[in-house]
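Below is one structure; the comments refer to it alone.
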Amino acid sequence: GVIGTAASVPDYPGADRNQIRALPLPFAIYRGRTVRADGGGLRGRYRFTADTELDLSFGGALPVGRGNPARAGMPNLDLLLEVGPRLTLVFARPRTDASWSLAVPMRAVFSTDFTGIDSRGFVTTPELVYTDQKLAGSPWRTRFAVGPVFASEGLTDYFYGVAPQFALADRPAYAAKGGYLQSRFTASVSRAFTESLTLFAFGQASSLKGATNADSTLLRDHFNWAAGLGIAYTLRRSRESVVFED
């Protein structure tokens, strides 16, 4: 199928400017015995127990051009891609269609301007997650997640480092350090109105107070927010389907 989404997101963690991004994307859902590709990412379904699973997770961020005032005269921030394993432990199931879990991904980060790929280190985002397929008996599926973000020096320097040749009177040279990046709370809801049409929305609040690189002049705002909504339209389904198991 295809997804159309629009969102207001900060240029980078700690930026003092949001931008509206609109994006059409294709999507595919596949649920096999050992491999899945769906809203939870690409998963190998390596289950140690019924409540413990190892899978492959993804993340990323859209590029930032020269329009950000704090980075005037500095190189663009390219498209970021994240990939790596994630361990998920379900520790409570208040109902058969709801669960509390701890998710711990460890992802390698890469940037690309579509002419080459550069390594930007690693990021980990351990999260406490609550999911509910029928919140308060409604047809809305919900997911709430909260947790800190830690990044290696390669990624923090990409965001907050200022090389000597880009230093200004109000933007001194700065070498960033790896460590605590921010804490995030994310909420998302979705609902299928027909077999083909699904509506979804999300919101995220981030705090950068106490961040390892809080003294960088590129970290302009200690509170960030993001919000977006979209629709997903299924163009085609397989003739044979399987029973869904979370």
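At-a-glance table
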| quantity | calculated |
| --- | --- |
| When residues of region 72-95 are limited to those that are closer than 15 Å to ALA61 by Cα and either among the polar types (S, T, N, Q) or in a strand (DSSP E or B) (or both), the one farthest from the chain's Cα centre (by Cα) | ASN76 |
| Qualifying positions in region 211-245 - surrounded by 13 or more Cβ atoms within 10 Å (Cβ to Cβ) and part of a loop (DSSP other than H, G, I, E, B) | ALA211, THR212, ASN213, ALA214, SER216, THR217, LEU218, LEU219, ARG220, ASP221, HIS222, THR234 |
| Members of region 72-95 that are within 26 Å of ARG17 (Cα to Cα), exposed (fewer than 14 other Cβ atoms within 10 Å of the Cβ) and in contact with a Ser or Thr (Cβ under 8 Å, 6 or more places away or on another chain) | none |
| Residue that is open to solvent by less than 30 Å² (accessible area, probe 1.4 Å), at pLDDT below 90 and closer than 30 Å to LEU219 by Cβ, where the choices are GLY60, GLY41, GLY67 | GLY41 |
| Hey, ASP11 closer than 30 Å to ASP113 by Cβ, open to solvent by less than 40 Å² (accessible area, probe 1.4 Å), modelled with pLDDT of 80 or more and charged (D, E, K, R) or not | yes |
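For (1) touching a Gly at 6+ places or on another chain (Cβ under 7 Å); (2) farther than 30 Å from PHE91 by Cα; (3) among the polar types (S, T, N, Q), each residue gets a yes or a no:
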position	(1), (2), (3)
VAL123	no, no, no
ASP132	no, no, no
ARG143	no, no, no
GLN165	no, yes, yes
ARG191	no, no, no
THR194	no, yes, yes
ALA205	no, no, no
ALA214	no, yes, no
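Yes/no matrix, rows are residues, columns are (1) closer than 17 Å to PHE150 by Cβ; (2) in contact (Cβ under 8 Å) with a residue 12 or more places away in the chain; (3) among the hydrophobic types (A, V, I, L, M, F, W, C):
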| position | (1), (2), (3) |
| --- | --- |
| ALA173 | no, no, yes |
| VAL189 | no, yes, yes |
| THR194 | no, no, no |
| LEU199 | no, yes, yes |
| ALA205 | no, yes, yes |
| GLY210 | yes, yes, no |
| THR217 | no, yes, no |
| PHE223 | no, yes, yes |
| ALA227 | no, yes, yes |
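The values are calculated or read from the model by the stated rules, or taken from the named source; none is laboratory data. Keep in mind that this is a model prediction, so the values were computed, not measured. For neighbour counting, all protein chains shown are included, and Cβ atoms are generated from backbone atoms with ideal geometry for every residue, glycine included. Just the protein is used for accessible areas: all its heavy atoms, side chains included, with ligands, DNA and RNA removed. Shrake-Rupley method; radii C 1.70, N 1.55, O 1.52, S 1.80 Å.
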